[in-house]
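Single-structure report; data block below.
The values are calculated or read from the model by the stated rules, or taken from the named source; none is laboratory data. Values in this document were obtained by computation on a predicted structure and should not be read as measured data. No Cβ is skipped: glycine too gets one built from the backbone with ideal geometry, and neighbour counts run over all protein chains shown. In case anyone asks, the SASA skips ligands and DNA or RNA and just uses the protein heavy atoms, side chains included. Shrake-Rupley method; radii C 1.70, N 1.55, O 1.52, S 1.80 Å.
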Amino acid sequence: MPAGKTSYVCLPCRASYKQPYGPERARVCPGCARELVHAGSAFAPPPRRDTAGWRVLGVLLRAGVGFHKSCCGGPGYRPRGTREVRARARAARRSGVPLATALVRGEV
């Protein structure tokens, strides 16, 4: 059975690449030769000109939040804007909850 595809992202280039899922190994961006970040199989990239969207994506991926399918429901809630990210980061600091957990909660 062939392996499925998953997305890898280059944040500096604002580029996403679908590649076969397999053993984790270093994957590099064809544009800048930096290491790609694994985003998950349910990832849909923002438009390249959407700088705020890519900024939010960078925060999510650096916090360890991926876009993986969880059965039929998809990856679940992910913040779309910088305002949502800032609100969840403040809530995480106040409550002591890890940032990754606060970012995927639907409510602050």
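Taking square-rooted eigenvalues a ≥ b ≥ c of the alpha carbon gyration tensor, is segment 6-69 rounded, prolate or oblate, where a/c under 1.5 means rounded and, failing that, a/b exceeding b/c means prolate?
oblate
Kindly express, to the nearest 10 degrees and within the range 0 to 90, the angle between helix 51-62's C-alpha long axis and the longest C-alpha principal axis of the chain.
90 degrees
Taking amide H positions as placed 1.01 Å from N in the peptide plane, with prolines and chain starts having none, which residues 5 or more places from Tyr21, or on another chain, fall under 5 Å of its amide H?
The answer is Gly4, Lys5, Thr6.
Mean residue ellipticity at 222 nm from the helices of the chain, using -39,500 (n - 2.57) per DSSP H segment of n ≥ 4 over the full residue count, to the nearest 500 deg cm²/dmol?
Roughly -9000 deg cm²/dmol at 222 nm, from the helical runs in the chain.
Find, among the trypsin sites (Lys or Arg not before Pro) in the chain, those assigned to loop by DSSP (not H, G, I, E, B) with at most 11 other beta-carbon atoms within 10 angstrom.
Sparse-neighbourhood loop trypsin sites (Lys or Arg not before Pro): Arg25, Arg49.
Would you tell me the accessible area of Tyr77, worked out with a 1.4 angstrom probe on the heavy atoms of the protein chains, in Å² to the nearest 10?
Accessible area, nearest 10 Å²: 70 Å².
In the chain, carbon and sulfur make up what percent of the accessible area (probe 1.4 Å)?
Answer for the chain: carbon and sulfur cover 54 percent of the accessible area.
At Arg27 and Arg80, where each label point lies 7 Å from the Cα along Cα→Cβ, what is the point-to-point distance in nanometres?
Using points 7 Å along Cα→Cβ, the separation is 2.6 nm.
Considering the dipole of the chain built from charges on the beta carbon (Lys and Arg +1, Asp and Glu -1) around the Cα centre, which of Ser7, Val97, Ala39 is farthest to its positive end?
Of the options given, the answer is Val97.
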